[in-house]
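Peer 1: The structure's right below; bear with me while I get my questions together.
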Amino acid sequence: MRSRPHIEQPDALLDETLRLALDDTQRFIDRAERTEGGNPMPATMRTRSRSAIVAIAPAALLAALVTHPFLPGRLPNDAAVAAAVAADTIRWGLVHLATGVASGLVILAFLAIRSYLRDAGEERFSAVGFPFIVIGSTLFTLLTGLEFAPLAAAEMGAGLADIAATQAALAPSEPVKLLETRSSRNY
């Protein structure tokens, strides 16, 4: 049977642990102070990552929008959506997932642009406009998330009529009717 080691000075062990933690904290602070602006990431890496996200985000969004299945006719066209979903459910799901991810990347790209503007001394308008960009991108992601409803109906084995009915249930009916009556008037 092993005997447990006896610690004669528990206060010394605690003091040593605290000293090591303070040393680690001081090393981190020293490293942060050596870099520009107290940011531990080197300036070249920060610039490259900002540039990369500004280039990648619109390219990802464009790729997702270009690979979206073609929907003929005037939207909302529930029958065309149902046919596109039933024809290739994997493509429909991946395209809408990629669109949501790309919308999140757009938020990061605008954050990078805002940091460029902040570094250049512009604080007023970029700080006010950025929340609107986040809200808009989030709402756009929510919109693409709605397109998973007809996909779920197709995956459950529903026919074209049921998939179209699922898509029609997502569209608001009253505002569309109100817009149609206003646009049909001759002024």
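Read the figures in this text as sums done on the coordinates, not as results from a lab. This one's a predicted model, so the numbers in the text were calculated from it and none came from an experiment. Here Cβ is always computed from backbone atoms with ideal geometry, including for glycine, and neighbour counts include all displayed protein chains.
Peer 1: Once the piece of chain linking L71 and M45 is laid out straight, how much longer is it, given 0.36 nm per residue of separation minus the C-alpha distance between them?
Peer 2: On the way: separation 26, 0.36 × 26 = 9.36 nm, distance 4.22 nm.
Result for the pair: 5.1 nm of gain on full extension.
Peer 1: Expressed in nm to one decimal, what extension gain is obtained for the pair L97 and A52 from 0.36 nm per residue of sequence separation less their Cα-Cα distance?
Peer 2: Values: separation 45, 0.36 × 45 = 16.20 nm, distance 2.12 nm.
Computed gain between L97 and A52 is 14.1 nm.
Peer 1: At A83 and I113, where each label point lies 7 Å from the Cα along Cα→Cβ, what is the point-to-point distance in nanometres?
Peer 2: Modelled inter-label distance: 3.7 nm.
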